[in-house]
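The values are calculated or read from the model by the stated rules, or taken from the named source; none is laboratory data. In this text the structure is predicted, and so the values were computed from the model without any measurement. So basically every Cβ, Gly included, is an ideal-geometry build from the backbone, and we count neighbours across all protein chains shown. Accessible surface areas use protein heavy atoms only, side chains included; no ligands, DNA or RNA. Shrake-Rupley method; radii C 1.70, N 1.55, O 1.52, S 1.80 Å.
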Amino acid sequence: MPNALANATSPYLRQHQDNPVDWQQWGPAVFARAEAEQKPILLSIGYAACHWCHVMAHESFEDQATAALMNENFVCVKVDREERPDLDLVYQSALSAFEGHGGWPLTMFLAGDGVPFWGGTYFPPEPKWGKPSFAQVLRSIAEVYQRSPDKVKQSTAEMARALQALGEPQAQGSNGETVTAGTLDLSANAVLNSMDPLHGGLKGAPKFPQLTALDLLWRGYLRTGIAAMQHAVTLGLDRMSQGGLYDHLGGGFARYCVDDSWLVPHFEKMLYDNAQFVDLLTTVWRSTKSPLYAARVRETVAWLLREMRTSQGAFAASFDADSEGEEGKFYVWTEAEIDAVLGQDAAAFKKAYDVSAGGNWDSHVILNRLHDPAHTDDAALARARDKLFAVRAKRIAPDRDDKVLADWNGLAISALVNAATSFAEPTWLAAAEEVFAAVVRVHDNDGVLHHSSFDGAPGAPGFLDDYANMARAALLLHEATGKIQYLSRALVWARTLATDFIGSDGSFFYAHVDGDKRLLVRPRHANDGPQPSGNGTLTGVLARLHFLTANAGARASAGQIVTAFGGMASRYPVAYATLLNNFEALTTAQQIVVLAPSNDPLATAAFAAPRPDRVIQVLAPNTALPEGHPAHGKTAIKGKPTAYVCVGTTCSLPVHTADDLAALLQAPRPELAA
């Protein structure tokens, strides 16, 4: 008989509905039951694309004896960390306090009030790797809870105090320190020193893309002209794009690599990673015109539109790493398989893609071109890839998590708009509008967002990241299409945040003021995780609203966020890259005003501007800009298409040709790059 997860809105939770564990969904009933039965709560947090989550499920949660031990001694709760990122944030912080690290599956043991007193991640069914067995852990925790209540009470009291820092920027180490232009240069140099000079990306293994930090470094290059910053970014993107992290047959990037050379991925594909790759590769391409980056953007967008759209029209969350119970089985090959498919064309393909009899991972081949960063390609290799893709399509594919998340879709919409306007691909822009409409249709209720949905049914309430990412997407759609409806939508969401999420210092809480009352603390932070932080992104949204509408209040609000987290951002630039990037936008964004039809060459030149902090307004020639806009009062000269470029309160002289506008927009300036 299915357990209480059978009616969940999360596909990940539904995967566990037939476990013999008496799983409950998070909610008030859990705490009432824990009190009534005088049992601790066992909280298990995972997600659909998590390999070790599946391993622990198969080994322990599907095992009758282990399930009996869990049911007898605990109230067992399963949470999808993508559906409830607020819970994951709080309890991951608790685990870091216990163990010095976090991860998934997250296994936490809570007192009846929800405060954790011990935790870990994956536990094996038998003792190994220096870890006790899961059964040993269960018996030990149950005994401590029943026989040593004073120890449990002391542990929870200490943890409750420690967790309060999550809601207070000052307690996290931020002291209101002022961020300046000099901070940006120091931060870019600090990030540069963290880069792997051989393989690119951050030093060490496992290797995560950390694209927000690469974005900070790229902006540093455009600002300073320092060639080492350019090289560090392009080296990293080249290696990621040519390594095993990238799916060379179907498009799209995996989550991370377990080695230091970008060869062996953890094979799950996440929407948020691929959105950020499309966004950054597009931005860097505008300066480098790299054919590799153009190819990866086109292939990844094709993958998104082909394989990630749900029946509702939005983007799904992820693809699993596993199929048929094996990690990566769908993606890897043997030399014999490739020979059988390609025949006489196999030799050239094997040389290009590192195919050998012994393989390069566990006797199998992960296709990669790490030995060819220049991206030499030809029609024969393309035909070979198509043949292999067609054969691979007949395999049993990894499961797709069809849950729709507003924040991740916002990232993907923004990336599509950036790519569409940069590569002049109107079908991508149309797709971005369709996805936006699909998310709004299900997730928006009169300006109040839902974070998640499944099969058209809204789930968890919206968080800061949902509003920030969807508002950013709306503003970029407004700039690309000129449609006022997108600007209006962003303004509505900004008002909701100002009403229901703002703190006394002007920074924003992660959760709604009327959110889950069982949440131990309302987190308030600006450090990036795998996705850009909500406060960091919102800084850019408010800055863009100011530039588009001349609303001084939006600018002041953005400045308050930066001030609240300035001390932390100055000390930890890799972690606070999004906040720093949007501080630069707030202070020195490039405002481009084009007074001409939307199909005029001046508009095309504006969207080709290299800088990522550009704000573009393509307006009818007789449009009056609001007071407070630096181009207020400026007009199209003698009825001719006219453009102005403004930074701060200063605007350029009017220009009338695409070449002249492109020269104004060049970055880095020739004198910097010399």
If I take all pairs of Cα atoms in region 316-422, what percentage of them are more than 19 Å from each other? 58
What are the lysines whose alpha-carbon lies under 23 Å from the alpha-carbon of Lys153, with same-chain residues fewer than 8 places away excluded? Lys39, Lys517
For region 1-112, convex hull of alpha carbons as volume per residue, Å³: 101
Give me the compactness ratio for region 74-173, meaning the Cα radius of gyration over 2.2 N^0.38 Å. 1.11
Rounded to the nearest 20 debye, dipole of region 125-164 from Cβ charges on Lys, Arg, Asp, Glu: 20
From DSSP H assignment alone, runs of 4+ in the chain each adding -39500 (n - 2.57), the sum over residues rounded to the nearest 500 puts [θ] at 222 nm at -15000 deg cm²/dmol
Residues whose built amide H sits under 5 Å from the amide H of Val615, excluding neighbours closer than 5 in sequence, are Gln590, Gln591, Ile592
In whole percent, and with a 1.4 Å probe on the protein chains, what portion of the accessible area of the chain is carbon and sulfur? 53
What are the ³J(HN,Hα) values, in whole Hz, obtained from phi via the Karplus relation 6.51 cos²θ - 1.76 cosθ + 1.60 with θ = phi - 60°, for each residue of region 390-401 in sequence order, with x given for Gly and Pro? 5, 5, 4, 4, 7, 6, 6, 7, x, 5, 9, 8
Dipole magnitude of region 1-136 about its Cα centre, charges +1 at Lys/Arg Cβ and -1 at Asp/Glu Cβ only, in debye to the nearest 20? 120
Cross-link candidates for Lys640: which lysines have Cα within less than 25 Å, leaving aside residues fewer than 8 places away along the same chain? Lys483
Keeping all protein chains in the complex and leaving out DNA, RNA and ligands, what accessible area do you get for Asp279 with a 1.4 Å probe, in Å² to the nearest 10? 30
Let me know the longest stretch in the chain that avoids all GluC sites (Glu not before Pro) found in a DSSP loop with at most 12 other C-beta atoms within 10 Å. 1-323
Can you compute the modelled spin-label distance between Leu305 and Ala32, with each label point 7 Å from Cα toward Cβ, in nm? 5.0
Nearest 10, in degrees from 0 to 90: the angle of helix 64-73 to the longest Cα principal axis of the chain is 90
Ellipsoid equivalent to region 343-491 - semi-axes via the Cα gyration tensor, in Å: 41, 20, 13
Under 5 Å from the placed amide H of Lys329, counting only residues 5+ away or on other chains, we find Ser323
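With N set to the number of residues, divide the alpha-carbon radius of gyration of region 283-351 by 2.2 N^0.38 Å and report two decimals.
Against the compact-globule rule of thumb, the ratio is 1.54.
What's the local net charge at Asp500, with K and R +1, D and E -1, over the other residues with C-beta under 15 Å away? Numbers along the way, then the final one.
On the way: positive: Arg495, Lys517, Arg522, Arg524; negative: Asp86, Asp444, Asp446, Asp465, Asp466, Asp514, Asp516.
Spelling it out: positives minus negatives among the neighbours equals -3.
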Not counting ligands, DNA or RNA, and with a 1.4 Å probe, what is Thr588's accessible surface area in Å² rounded to the nearest 10? 50
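Between Ala379 and Ala295, take the C-beta separation as r, use R0 = 22 Å, and let me know the FRET efficiency to the nearest 0.05.
On the way: r = 14 Å, r/R0 = 0.62.
It comes out at approximately 0.95.
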Among Gly503, Val562, Leu661, the residue whose Cα sits farthest towards the positive end of the charge dipole of the chain, when +1 is placed on the Cβ of each Lys and Arg and -1 on the Cβ of each Asp and Glu, is Leu661
Find out how many positive minus negative residues lie around Leu475, taking Lys and Arg as positive, Asp and Glu as negative, among other residues whose Cβ is under 14 Å from that of Leu475. +2
Tally Lys and Arg at +1 and Asp and Glu at -1 over the other residues with C-beta under 12 Å from the C-beta of Lys203: what net charge comes out? -1
Which values of log₁₀ I(q)/I(0), to two decimal places, follow from the Debye formula for region 335-379 at q = 0.29 Å⁻¹ with a uniform point scatterer at every Cα? -1.11
For region 567-639, fraction of C-alpha pairs farther apart than 15 Å, in %: 64
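Out of all Cα-Cα pairs in region 227-272, roughly what percent, to the nearest whole number, are more than 13 Å apart?
When every Cα pair of region 227-272 is considered, 54 percent fall beyond 13 Å.
According to the Kirkwood expression over distinct Cα-Cα pairs, how big is the hydrodynamic radius of region 434-558, in Å?
Details: mean 1/r = 0.0674 Å⁻¹.
By the Kirkwood definition, the hydrodynamic radius is 14.8 Å.
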For region 598-638, just list the percent of Cα-Cα distances falling in each 5 Å bin from zero outward, please. 5, 19, 25, 25, 20, 5, 0
List the pair-distance distribution P(r) of region 537-674, using every Cα-Cα distance, as the percent of pairs falling in each 5 Å bin from 0 up to the bin containing the longest distance, rounded to whole percents. 2, 10, 19, 20, 17, 14, 10, 5, 2, 1, 0
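How big is Rg to Rh over the chain, alpha-carbon atoms, Rh as the Kirkwood inverse-mean-distance radius? Mind dumping the intermediate values first?
Values: Rg = 25.7 Å, Rh = 26.3 Å.
In the chain, Rg relative to Rh is 0.98.
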Stretchable slack from Leu198 to Lys351, in nm (0.36 nm times residue separation minus alpha-carbon distance): 52.8 nm
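With every protein chain present, what is the per residue accessible area of the chain (1.4 Å probe, Å²)? Mind dumping the intermediate values first?
On the way: 25680 Å² over 674 residues.
Heavy-atom accessible area per residue stands at 38 Å².
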